[in-house]
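Engineer: Quick one: the structure is below, and I'll ask about it shortly.
The values are calculated or read from the model by the stated rules, or taken from the named source; none is laboratory data. Note that the coordinates shown come from a computational prediction; the quantities given were computed from them, not determined experimentally. Reconstructed Cβ throughout: ideal geometry from the backbone, glycine too, with neighbour counts over all protein chains shown. These accessible areas exclude ligands, DNA and RNA; they are computed on the full protein's heavy atoms, side chains included. Shrake-Rupley method; radii C 1.70, N 1.55, O 1.52, S 1.80 Å.
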Amino acid sequence: MFYRKIVKDLEKWADNKWRKPLILRGARQVGKTTIVRQFARQYANFLPFNLEKHADRHLLESTDEVQKLLPMMFLHCGVPERQGRTLVFLDEVQNSPKTVALLRYFYEELPDIHVIAAGSLLETMLGRNISIPVGRVDYLALRPCSFTEFMGAMGEERFVPHLLDATLPDVFHEHVNELFNTYALVGGMPEVVARFAESRNVMDLSATYMSLINSYKNDVEKYATGATRINVIRHIVERGWNFAGQTITFGGFAGSQYKAREVGEALRILEKAMLCELVYPTTSTLPPGIQELRRAPKLIWLDTGLVNYAAKIQKEYLTSKNLKDVWRGMAAEQMAAQALLTLDANVDTRRKFWVREKKGSNAEVDFVYEYEGRLIPIEVKSGHNAHLKSLHSYMDEAPHGLAVRVWSNPFSIDEVQTPSGKTFKLINLPFYYLEALPKILDCQE
């Protein structure tokens with residue numbers, strides 16, 4: 001198993017004296033179980049439970065007296081209690097509301113026991129039959145592999161420190177840029193990455209992609225109840241990949257006859273399952289950049305590799321050296337959005353884009369990133385600075401002088417002037433530096 005950087009977040013959680021039971025969130029098949037088992041090697045005692053199994057569920061539901069329960073957990077797992085730290089892992093916890101309630105008692109009565117709970121469908125079931133103890137749990141989000149994690153899996157670890165510090169010599173630009181394009185094609189689903197690292201052949205991945213997509217289709221009945229809602233979700237999972245990176249309307253989505261309300265409800269359920277995100281615009285250049293929920297959102301899926309397979313655009317990647325040339329540029333926006341989400345493990349991280357509030361204006365900036373009390377505009381484009389009209393419009397309104405253009409060329413910084421005369425600093429960021437964005441912005445102070 002290759003290294004996942006969320007391990008550092010887990011270590012920080014474990015070392016926190018105010019630690020609470022942790023709920024690890026993430027879509028199905030992003031590697032939650034694997035990463036917890038890898039992390040468990042740091043513990044003297046590891047007690048794993050899968051709440052899909054009747055025996056595990058029966059034991060944990062037998063009592064809410066956790067001090068009595070703990071010795072039975074050791075007995076059930078068939079391991080002797082050793083001196084040192086103990087990690088309890090409650091996998092697929094959504095299958096047992098009573099076990100979810102136990103998190104509170106672990107926090108209050110056994111604070112020295114480290115507890116991690118996970119469940120791909122947990123969030124979709126909140127409010128129906130599960131109640132999470134408010135204020136008594138922590139959260140982390142696990143997402144598909146980032147580019148640096150992909151590089152580690154591919155045996156290219158030597159470049160990772162330079163990517164995270166933005167110190168890669170230009171002589172390696174073409175090589176690393178080509179690797180990023182491969183990552184954009186393959187995606188970051190751990191099983192896919194592991195198989196590709198072994199075979200180095202995209203054509204060998206079709207069965208894995210199909211299996212992942214089918215698993216999401218098979219989960220539809222678990223996401224929602226009611227025939228119409230189930231049918232709408234199934235339609236989105238089957239057809240919605242073709243709209244990745246695009247602004248969408250709910251009514252009649254993807255050639256259907258479904259109403260806006262029905263599609264909106266279904267997409268929000270898929271958001272809770274972390275399969276996709278509705279990225280709404282803001283009209284402000286000041287943080288927090290309140291989302292305009294009445295405007296049309298962009299649809300961003302959890303993984304670019306799944307998008308490429310389901311939307312049948314893999315061949316475009318193989319014949320292009322620039323992501324902006326793939327799928328009318330939508331592939332580049334999907335990829336940039338995915339990279340921005342890997343910057344932290346915060347479950348509340350939301351991506352946004354900017355539109356000009358002025359009536360009749362079509363100015364739009366691909367993304368805005370909140371940094372040190374500022375909203376930094378990010379455009380995913382190639383070409384000359386003069387073509388960045390929307391970015392110029394944003395900078396004319398912004399109270400700062402810093403902007404980012406993501407492209408496939410080497411790193412550089414330009415001083416740019418808008419038509420109205422405002423001067424600002426434009427950071428030209430190669431795709432492979434997106435994980436270094438906070439550090440790069442730090443250096444511009």
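Engineer: With only alpha-carbon atoms in the gyration tensor, what are the semi-axes of the equivalent ellipsoid for region 150-211, in Å, largest first?
Structural biologist: 25, 11, 9
Engineer: Still on this structure, please answer the following. Taking the Cα centre of region 1-157 as the origin, how large is its charge dipole in debye, to the nearest 20, when only Lys and Arg (+1) and Asp and Glu (-1) carry charge on their Cβ atoms?
Structural biologist: 160
Engineer: In Å², and per residue, what accessible area does region 349-445 have when probed at 1.4 Å with the other protein chains present?
Structural biologist: 44
Engineer: Over the chain, with every protein chain in place, what whole percent of the accessible area is carbon and sulfur at 1.4 Å, could you tell me?
Structural biologist: 48
Engineer: Also, I was wondering about something else. Quote the relative contact order of region 189-278 in percent (integer), defining contacts as alpha-carbon pairs under 8 Å separated by 6+ residues.
Structural biologist: About 20 percent, as a whole number.
Engineer: Amide H to amide H, which residues 5 or more places from VAL347 or on other chains are under 5 Å from it, using H placed in the peptide plane?
Structural biologist: Those qualifying (amide H under 5 Å, at least 5 residues apart or on another chain) are ALA141.
Engineer: For a 20 Å ceiling on Cα separation, which of these pairs sit above it: LYS53/LYS217; LYS8/LYS439; LYS358/LYS389; LYS8/LYS272?
Structural biologist: From LYS53/LYS217; LYS8/LYS439; LYS358/LYS389; LYS8/LYS272, over 20 Å: LYS53/LYS217; LYS8/LYS272.
Engineer: By its C-alpha gyration tensor, with a ≥ b ≥ c as the square roots of the eigenvalues, how is region 155-310 shaped: rounded for a/c under 1.5, else prolate for a/b larger than b/c, else oblate?
Structural biologist: oblate
Engineer: Top to bottom by accessible area (1.4 Å), largest first, where do ILE413, ILE427 land?
Structural biologist: Ranked list, largest accessible area first: ILE413, ILE427.
Engineer: Taking only DSSP H segments of four or more residues, each worth -39500 (n - 2.57), what value at 222 nm results for the chain once the sum is divided by all its residues, to the nearest 500 deg cm²/dmol?
Structural biologist: Mean residue ellipticity at 222 nm (helix-derived): -11000 deg cm²/dmol.
Engineer: If you don't mind, there's one more thing I want to ask. Using amide H atoms built in the peptide plane, which far-off residues or other-chain residues are under 5 Å from ARG405 H to H?
Structural biologist: Close amide H contacts, sequence-distant or interchain: GLU379, ILE427, ASN428, LEU429.
Engineer: Let a ≥ b ≥ c be the square roots of the eigenvalues of the Cα gyration tensor of region 239-314; is it rounded (a/c under 1.5), or, if not, prolate (a/b larger than b/c) or oblate?
Structural biologist: oblate
Engineer: Continuing with this model, one more query. Could you tell me which residue out of THR99, ILE35, LEU69 lies farthest along the dipole of region 34-112 toward its positive end? Charges go on the beta carbon: Lys and Arg +1, Asp and Glu -1, centred on the Cα centre.
Structural biologist: ILE35
Engineer: OK, next. Could you give the C-alpha radius of gyration of the chain expressed as a fraction of 2.2 N^0.38 Å, taking N as the number of residues it contains?
Structural biologist: Relative to the 2.2 N^0.38 Å estimate, the chain comes out at 1.03.
Engineer: Assign unit charges at the C-beta atoms only (+1 for Lys and Arg, -1 for Asp and Glu), then state the dipole size of the chain relative to its Cα centre in Debye, rounded to the nearest 20.
Structural biologist: It works out to roughly 1000 debye.
Engineer: For the chain, what proportion of DSSP beta bridges, expressed in % and rounded to the nearest 5, is antiparallel?
Structural biologist: So the antiparallel bridges in the chain amount to around 40 percent.
Engineer: Roughly how big is region 11-70's charge dipole about its Cα centre, with Cβ charges of +1 (Lys, Arg) and -1 (Asp, Glu), in debye to the nearest 20?
Structural biologist: 300
Engineer: Hey, what did the chain get for relative contact order, percent, Cα under 8 Å, at least 6 apart?
Structural biologist: 13
Engineer: Rounded to the nearest whole Å², what accessible area per residue is found for region 1-140 with the 1.4 Å probe?
Structural biologist: Roughly 49 Å² per residue, with all protein chains present.
Engineer: If you average the sequence gap of Cα pairs under 8 Å that are 6 or more apart and divide by the length of region 1-156, what percent do you get for the contact order?
Structural biologist: Averaging sequence separation for qualifying contacts and normalising by length gives 37 percent for region 1-156.
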